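The next block holds one structure in the form of structure tokens; read it before the comments.
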Amino acid sequence: MSAKPSSQPAQNATASSGNPNTSTLEEIRATRLEKVEQLKQEGLNPYAYRWESTHQAAQLQTSYSDLGNGEEVEEKVAIAGRILARRVFGKLAFFTLQDESGVIQLYLDKKRIDSQMTDLPNSFNLLKKLTDVGDIIGVTGTIKRTEKGELSIYVQDYTMLTKSLLPLPDKWHGLTDTEKRYRQRYVDLIVNPDVRETFRRRAKITAAIRRYLDERDFIEIETPVLQSEAGGAEARPFITYHNTLQMDLYLRIATELHLKRLIVGGFEKVFELGRIFRNEGVSTKHNPEFTSIEIYQAYADYHDMMTLTENLITYAAQEVLGTLTLNYQGETIDLTPPWRRVTMHEIVQEVTGLDFNMFSDFASAKTAAQQAGIEVPDDCKTLGKLLNEAFEQKVEATLIQPTFILDYPKEISPLTKPHRSKAGLVERFELFMVGRETANSFSELTDPIDQRERLELQAAKKAAGDLEAQGVDEDFLAALEYGMPPTGGLGIGIDRLVMLLTDAPSIRDVIAFPLLKSTSAAVKAFDYDEEKKILQVEFNNGSIYKYNDVPKTVYQEMKTTPSVGQFFNSQIREVYGFDRVK
């Protein structure tokens, strides 16, 4: 009785066992709750405390791969897992059991089980009657390969470990609703072995990165997640409030400024691999909560960090995949060093024909860029920003093979040391693979006076309404005034690297529990009765509330805010009385 996870449906012996096609979810759950009570009446605990296995499914499949059809080995084994399929034929039954490592068939014979489990009368019939697909059971028995060639555990006795109340999806190949896969990742993991493999590989990648750095005397030091001043990147932060200290705090948008403080303090090689939070949009390449690693090395520059980046990523790929040639969404990617190194000016000229070194003023450059099909946003008012626009719009998506883009405009790199030989540029590179940025690195700015001027420019932009600009971190500037040695810094997006090494099309595929929009509490629409000062709010779940005595100014501000949900939660939900309409 062969079971193939790629094609066979999860089956029960009877419709009453919980086939989602023939019963409603409520009926299935009610039936299974009845079985919980029946198990208890038989003296069985439907939610056991522990189980001790001797083997895993994959281990048995490998160890007995040469066992011939119809042969049996008397070695007794114990295994636990989730039932994925049930096939019952009178006095015989065949279950497919899945543990973390894979699947194996259970060969269930009434005579054998009843003779072994003498303390439980009708043990085989109870197994047939009270188990369902999705239940977790433990079994002991011997190893047997059936006449049809399926390696099986020839069961002697069983133990109910966890009774499942909700049914699994019909097909083993997983959920077809992508949104539901992310919202119910636990179900996705049960029915999709490839998803489990993605997260195993992710763990191996991060372990390899840490191992590589540890072997080269880098020290990982944890830095604060809650910060009094967001900094280290141009990004909109999440804001929270500390009740005891009575102060606003920001979830970190980077680990950079605290890791640099450690360099000032005398550490020469430091890093942190951890979560970063940015209050930004969601896409296949962006998640508001993501993982990055930032690495800082004293007495190094961005050329040294380029070498480190290349070596670190190729090491992780070789360790995890065993090769430097991989397939990503139909493209063959070659990670074999050395990777291409090209300046932003050179690559923009190569792709668009525009040589930004030839422009002496912004107006002529803008005209040429527009003629080349480059859109110039209103806030783009310098040659450096225009060069970056040309790169992002025309070049970035074409960088499929690993490519280092060097020497960025000064105005988009506020924490970077000026280029030692090119005016208006900084010593910065970004690594691009499969059309997206994967790493970012600087020769770090160590001049405290220059750093203050750049942060004050950022603060002015913040005061003017730029939600991604940050203020002046006086403590960080004080640290710089004590003196920071020449330092190379590097940041790598772990999620994007994992996407590449697991052939995942979306960042949500490599984050176990990605942030998703609420299906119930999100604001769908709102309206205002000016005469009665009532704000009516409709939510995505269909509920409607009326908030009383809301000033017109609050309504007008809600209409223009960039985040209706955030404004509603902070300015309305707990402030005004309400009546539920629907």
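Could you look through region 366-407, keep only residues that are β-branched (Val, Ile, Thr) and in contact (Cβ under 8 Å) with a residue 60 or more places away in the chain, and pick out the one that is most open to solvent (accessible area, probe 1.4 Å)?
If we take residues in region 366-407 being β-branched (Val, Ile, Thr) and in contact (Cβ under 8 Å) with a residue 60 or more places away in the chain, then Ile400 is most open to solvent (accessible area, probe 1.4 Å).
Consider Lys35 carefully, then state whether it is open to solvent by less than 40 Å² (accessible area, probe 1.4 Å) and over 21 Å from Lys144 (Cα atoms).
Values: open to solvent by less than 40 Å² (accessible area, probe 1.4 Å): yes; over 21 Å from Lys144 (Cα atoms): yes.
It is true that Lys35 is open to solvent by less than 40 Å² (accessible area, probe 1.4 Å) and over 21 Å from Lys144 (Cα atoms).
For region 191-223, enumerate the residues that are open to solvent by 30 Å² or more (accessible area, probe 1.4 Å) and closer than 24 Å to Ser164 by Cβ. Walk me through how you get there before you give the answer.
From region 191-223, those open to solvent by 30 Å² or more (accessible area, probe 1.4 Å) are 193-194, 196-197, 199-204, 207, 210-211, 214-217, 219-222; that's our starting set.
Listed by number, the residues that qualify are Pro193, Asp194, Arg196, Glu197, Phe199, Arg200.
Quick check, is Gly489 farther than 22 Å from Glu294 by Cα and in contact (Cβ under 8 Å) with a residue 40 or more places away in the chain? Quick ask: steps written out before the conclusion?
Working: farther than 22 Å from Glu294 by Cα: no; in contact (Cβ under 8 Å) with a residue 40 or more places away in the chain: yes.
For Gly489, the condition - farther than 22 Å from Glu294 by Cα and in contact (Cβ under 8 Å) with a residue 40 or more places away in the chain - is not met.
All but one of (1) open to solvent by 70 Å² or more (accessible area, probe 1.4 Å); (2) part of a strand (DSSP E or B) hold for Glu319; state the number of the condition that does not hold.
(2)
Between residues in region 55-81 that are farther than 20 Å from Glu197 by Cβ and residues that are open to solvent by 70 Å² or more (accessible area, probe 1.4 Å) and among the charged types (D, E, K, R), which pairs lie under 8 Å by C-beta distance while being six or more apart or on different chains?
Asn69/Glu147; Asn69/Lys148; Gly70/Glu147; Ala78/Glu52
For the condition buried (at least 20 other Cβ atoms within 10 Å of the Cβ), in contact (Cβ under 8 Å) with a residue 60 or more places away in the chain and either in contact with a strand residue (DSSP E or B) (Cβ under 7 Å, 6 or more places away or on another chain) or not in a helix (DSSP H, G or I) (or both), what is the one hit in Leu84, Leu108, Leu120, Leu97? So that I can check it myself, show each step before the final result.
Values: Leu108 fails: in contact (Cβ under 8 Å) with a residue 60 or more places away in the chain; Leu120 fails: buried (at least 20 other Cβ atoms within 10 Å of the Cβ); Leu97 fails: in contact (Cβ under 8 Å) with a residue 60 or more places away in the chain.
Step by step, each of Leu84, Leu108, Leu120, Leu97 is checked, and only Leu84 is buried (at least 20 other Cβ atoms within 10 Å of the Cβ), in contact (Cβ under 8 Å) with a residue 60 or more places away in the chain and either in contact with a strand residue (DSSP E or B) (Cβ under 7 Å, 6 or more places away or on another chain) or not in a helix (DSSP H, G or I) (or both).
Could we say that Gly577 is open to solvent by 40 Å² or more (accessible area, probe 1.4 Å), touching an Asp or Glu at 6+ places or on another chain (Cβ under 8 Å) and of a type in the set (Gly, Ala, Ser) here? Working first, answer last.
On the way: open to solvent by 40 Å² or more (accessible area, probe 1.4 Å): yes; touching an Asp or Glu at 6+ places or on another chain (Cβ under 8 Å): yes; of a type in the set (Gly, Ala, Ser): yes.
Answer is yes for this residue.
Select from region 322-331 the residues that are polar (S, T, N, Q) and not in a strand (DSSP E or B) and list them in ascending order. Break it down into steps so the answer makes sense when it comes.
Quick first cut of region 322-331, residues polar (S, T, N, Q) only: 323, 325, 327, 329.
Result: Thr323, Gln329.
Could you look through region 240-258, keep only residues that are touching a residue at least 12 places away in the same chain (Cβ under 8 Å) and of a type in the set (Val, Ile, Thr), and pick out the one that is surrounded by the fewest Cβ atoms within 10 Å (Cβ to Cβ)?
Top of the filtered list is Thr240.
Of everything in region 40-66, what is in a loop (DSSP other than H, G, I, E, B) and either small (Gly, Ala, Ser) or under 16 Å from Gly141 (Cα atoms) (or both)? Give them in sequence order. Spell out how you get there, then give the answer.
Going residue by residue through region 40-66, those that are in a loop (DSSP other than H, G, I, E, B) are 42-46, 48-56, 64-66.
Scanning region 40-66 gives Gly43, Ala48, Trp51, Glu52, Ser53, Thr54, His55, Gln56, Tyr64, Ser65.
Among the listed residues Asp157, Asp217, Asp170, identify the single one that is closer than 25 Å to Tyr315 by Cβ, acidic (Asp, Glu) and in contact (Cβ under 8 Å) with a residue 40 or more places away in the chain. Quick ask: steps written out before the conclusion?
Numbers: Asp157 fails: closer than 25 Å to Tyr315 by Cβ; Asp170 fails: closer than 25 Å to Tyr315 by Cβ.
Just a single option satisfies the conditions, and that option is Asp217.
Out of all the residues in region 423-448, which are open to solvent by 10 Å² or more (accessible area, probe 1.4 Å), charged (D, E, K, R), in contact (Cβ under 8 Å) with a residue 40 or more places away in the chain and under 17 Å from Thr487 (Cβ atoms)?
The answer is Arg428, and nothing else.
Within region 488-503, can one find any residue that is open to solvent by 20 Å² or more (accessible area, probe 1.4 Å), under 30 Å from Arg201 (Cβ atoms) and assigned to a loop (DSSP other than H, G, I, E, B)?
yes
Do we find a residue being under 23 Å from Asn311 (Cβ atoms) and free of Cβ contacts under 8 Å to residues at least 40 places away in the same chain anywhere in region 175-193? Spell out the reasoning first.
Here is the first cut: in region 175-193, the residues under 23 Å from Asn311 (Cβ atoms) are none.
So far as region 175-193 goes, no, none of its residues is under 23 Å from Asn311 (Cβ atoms) and free of Cβ contacts under 8 Å to residues at least 40 places away in the same chain.
Name every residue in region 259-278 that is within 24 Å of the chain's Cα centre (by Cα) and open to solvent by 40 Å² or more (accessible area, probe 1.4 Å), in order of residue number.
Of everything in region 259-278, those that are within 24 Å of the chain's Cα centre (by Cα) and open to solvent by 40 Å² or more (accessible area, probe 1.4 Å) turn out to be Arg275, Arg278.
Within the group Thr502, Thr487, which residue is over 30 Å from Arg183 (Cα atoms) and of a type in the set (Ser, Thr, Tyr)?
Exactly one of Thr502, Thr487 is over 30 Å from Arg183 (Cα atoms) and of a type in the set (Ser, Thr, Tyr), namely Thr487.
Restricting attention to region 328-365, report how many residues are open to solvent by less than 70 Å² (accessible area, probe 1.4 Å) and more than 30 Å from Thr307 (Cβ to Cβ).
Adding up the residues that qualify gives 9.
Scan region 123-140 for residues that are touching a strand residue (DSSP E or B) at 6+ places or on another chain (Cβ under 6 Å), part of a loop (DSSP other than H, G, I, E, B) and in contact (Cβ under 8 Å) with a residue 60 or more places away in the chain and jot them down.
Val133
Test each condition in (1) surrounded by 15 or more Cβ atoms within 10 Å (Cβ to Cβ); (2) under 30 Å from Pro402 (Cβ atoms) for Pro485 and report the one that comes out false.
Unmet condition: (1).
The values are calculated or read from the model by the stated rules, or taken from the named source; none is laboratory data. What you are looking at is a predicted structure, and each value in this text was computed from that prediction instead of being measured. In this analysis, Cβ positions are derived from the backbone assuming ideal geometry, glycine residues included, and neighbour counts consider all displayed protein chains. Note: accessible area is taken over every heavy atom of the protein model, side chains too, but ligands, DNA and RNA are not part of it. Shrake-Rupley method; radii C 1.70, N 1.55, O 1.52, S 1.80 Å.
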